[in-house]
Amino acid sequence: MSEEIKREESFEFQAEIKKLLNILSHSLYTHKEVFLRELISNASDALTKMRFISLTNQEHEGKDLPLEITISTDEKKRTVTISDTGVGMTRDEIIQNIGTIAKSGSLEFIANLSEQAKKDSNIIGQFGVGFYSVFMVADEVRVRTKSCKKNESAFEWHSDGTGKYFLHSIEKENRGTDIIVHLKEDEKEYTEKSRIESIIKKYSNFVSFPIIVCGEKANQITAIWKEPKKDIKDEQYNEFYKFISNTEETPLFRLHTSAEAPIQFYSILYCPATNYEVYGFKKLEHGVQLYSNKVLIQSDCKMLLPEYLRFIRGVVDSADIPLNISRETFQDNRIIHKIKGILSKQILLLLQDMAKNEKEKYEAFWRQFGKILKEGVHLDFDNRDLLANLLRFNSSVCTDSDGLISLKEYVDRMKPDQKEIYYITAVNRETIEKSPYLEIFRKKGVEVLYLVDPHDEFLLSGLMEFEKKSIRSVDQADLDLLKDTDSKIIDISKEPQNYEETFKHLLKTMRVVLADKVIDVKESHRLSDSPCCLVNPEGGPSVHVQKLIQMVDNKYKASKKIMEINRKNQMIQNLARMNENPGYQPLVEKIVQQLFENALMQDGVIFDPLSMVPRLNELMEELTKATLGEGKRIII
Ligand code: ADP
Ligand code: MG
C-alpha cells in the first residue's frame, strides 16, 4: 500500500474544470440521476469505438471479450460501478480526456446560463462535460482503465471532485474502463437495482450494447429505424429521440424513411423543440448519426443534411456505405450525396405540409428555426421554391410584431393592379411604423413586409421575385405603385398663391444647396405628412443594406440619393414663400441643410452630429427672435 501511494502522482484540475465542478455541485440539474445516463453514454461511446476497431481489423487487446456494459452495486460500501469493455484509456488519454474540457466555450456558456436553465437537465449533455456530473452524487470517484492498444499498462484515476486528482498504475486484466462511484451519504438510492433499472429505461434504453445490471440485461437494443413504421408507437419514437439527443424534451416532429430505390437506406430524423443556437451558444453541431448496417460510423455526420438543416437530429443507416469510409471521402461519396438530396427534400415537403395543415405548429417551428432555415434560400437552388414558400415575415397587415405571414398570402392579398411585393427594413416594428416611406402605402392600402432580421433583405434580394412578382424595397425611387399617382389628389385650393411656381423655385434652390449631397431634388408622390425623404435611384442598395455595409467597412460611403419633397407639407409651403425673398436666403439654406440631415437621421444613417449642433442652435436663435417679434422681417 505504502509503495502504491509513493508512486501516485497528483494533478491539479484545469481551472475551467474547477469552476465547472463548483457549478455542478451547487446548482446544475434538478435530476441528479442523469449522472448514470452520462456514464453509460461514455461507456457506450467507448464500446462503439471498440466495435469499429475490431470490424476494421485493427490490432487490439482482448479480441474475444464481449462488447457490453456491466453495472454492479455494493450497498455496504455505498458504491455503484459502471464497467465497459470499450477502448479504455492510456495514461496520457486520461489526463487529456478527464482533466481538461475539450470543447472550448462550454464552461462560459454554462456559467452564463440563467438559474432556471441550469436546473434544466437538458442542457448538460449538449456540452461535452457529462463525466463531471458524477460529482453531484459522489464524494469520490475511481476510474480504472486499460487501453485496447497493445502493451499499455492500466491506470487508476481518482478524485473527490474538488481541486485535485490522482493517478497511479494498477494491474487490470481486461481492456476497458470501470468507473467506481462512491456515493454521498444521502444518495444511497443509486445502489438499488430497481432504481438503476428505471433510470436505464428512461434514458439509456436504446444503447446498442447490452447493459447488464446485477446479472440481468436491462435495456432493449433495437435498431428502431429498421422496424416497420406501424410497429413503432409514438412513445418509442420519442424515447429514441430523447436518447440520441440527450434531452428530456419531446421533438417537434419526426420523419421515418425506409427507401429501397435508387438507394437502400433507413432513417429517422427529428426536429428538436428548442433551438440552442438562439441561446447564444455557438453554431449547432450537426447531429445526424450515420450507420452502416447498424454499426455507427459517425455520430455527427455533416454530409447527410445541408447546413441550413443542421438542427435536425437522428440516424441514417445504409448498408451501401462502407464501414471504413474516412471523413475525407464523405464529400465525394455518391450514396451520401443522394441520401442528402432525398432527405432534405422530404423534410421541406413535410414542413410545407405542416405549414398548410398545422399552421400553429409550423409557426412554432419557424420561431425556433426560421433563422437557420432561411440560409437555404441562398444555398439550395434545387429547393428554392419550396424554401421561398416556407418563409415567414411580419407585415403591415399583422396587428403586432408577433404576426407572421407567407409570401403566398401576401400575393393572394395584392391589389388587382399591384405588380410588386414591397418590403421595408428597420430594427423593429415600432421604428418601421414611424417611417415616412409607408405613408403612400397606408393611403393606398397596400401591404408591406416588415423586415426586422438584418439578414432578411439579403434573403429577399437573393430571391428577387416570388410568383413572378418582383420584390422591392419601399425606398426605391421608381416603384410601380407611384406611377399612377395623379396630382389631383392634391387639393390645390388649399395651396398658397402662385405655389406651382414658388414650389418649383424651391426645388431649384434645394438642388443648388444640396448639389454635392444628393442626385436630385423632386416632388414626392409618396409622402402625405412628412416634409421630405431620401429615396434610392433605380438599382441602388437600400438604406438598410448600406448601413450593414458601413458596419463592416467604415470607409464605405453611402451612395447619393434622390431627395423627395412633399408639396402639401406646411413647412415646405412656408419655406417656398421665404425662398422668394433674397433677404431670407441664408436662413433658407440652413433649413434645407437641416432638412437633409433630418432625413438621413430618419433612415438611421450615422453622420457627424457635432457639425449639426451649431446649425441647430442658429436656427433656434432665429426661432426665438421671431417668436418675440425681434426677427428679421421681410414682407413676403
Ligand atoms: P464527452 O462524452 O461529451 O466527450 P465526457 O465528460 O462525458 O464528455 O467525457 C470526457 C471524455 O472522457 C470522453 O470523450 C472520453 O474520451 C473519456 N471517457 C469517459 N468515459 C470513458 C470510458 N468509459 N471509456 C473510455 N473513455 C472515456
Ligand atoms: Mg459523455
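Quick look at the numbers
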| quantity | calculated |
| --- | --- |
| Sole residue being assigned to a strand (DSSP E or B) and of a type outside the set (A, V, I, L, M, F, W, C), chosen from Tyr237, Tyr291, Tyr241 | Tyr291 |
| Complete set of residues in region 516-553 that are modelled with pLDDT under 95, assigned to a loop (DSSP other than H, G, I, E, B), over 14 Å from Ser473 (Cα atoms) and open to solvent by 30 Å² or more (accessible area, probe 1.4 Å) | Asp516, Lys517, His525, Ser528, Asp529, Asp553 |
| Set Ile572, Ile591: member being touching a Cys at 6+ places or on another chain (Cβ under 8 Å), modelled with pLDDT of 95 or more, in a helix (DSSP H, G or I) and surrounded by 12 or more Cβ atoms within 10 Å (Cβ to Cβ) | Ile572 |
| In region 586-606, the residues that are within 14 Å of Glu618 (Cβ to Cβ) and touching a helix residue (DSSP H, G or I) at 6+ places or on another chain (Cβ under 9 Å) | Leu587, Val588, Glu589, Lys590, Ile591, Val592, Gln593, Gln594, Glu597 |
| Test result for Phe127, within 16 Å of ligand 2 (Cβ to nearest atom), at pLDDT below 95 and not β-branched (Val, Ile, Thr) | yes |
| Test result for Glu156, in a strand (DSSP E or B) and modelled with pLDDT of 90 or more | yes |
| Residue in region 466-513 that is modelled with the lowest pLDDT, counting only those that are open to solvent by 30 Å² or more (accessible area, probe 1.4 Å), assigned to a loop (DSSP other than H, G, I, E, B) and among the polar types (S, T, N, Q) | Gln497 |
| Looking only at region 416-461, and only at residues there that are outside any loop (DSSP other than H, G, I, E, B) and basic (Lys, Arg), the one that is most open to solvent (accessible area, probe 1.4 Å) | Arg442 |
| Every residue from region 34-60 that is assigned to a helix (DSSP H, G or I) and either in contact with a Leu (Cβ under 7 Å, 6 or more places away or on another chain) or among the acidic types (Asp, Glu) (or both) | Glu38, Asp45, Leu47, Thr48, Met50, Arg51, Leu55 |
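The values are calculated or read from the model by the stated rules, or taken from the named source; none is laboratory data. Being a predicted model, the structure only gives us computed values, none of them experimental. All Cβ positions, even for glycine, are placed from backbone atoms using ideal geometry, and neighbour counts span all protein chains on display. Ligands, DNA and RNA are excluded from the accessible area calculation, which covers all protein heavy atoms including side chains. Shrake-Rupley method; radii C 1.70, N 1.55, O 1.52, S 1.80 Å.
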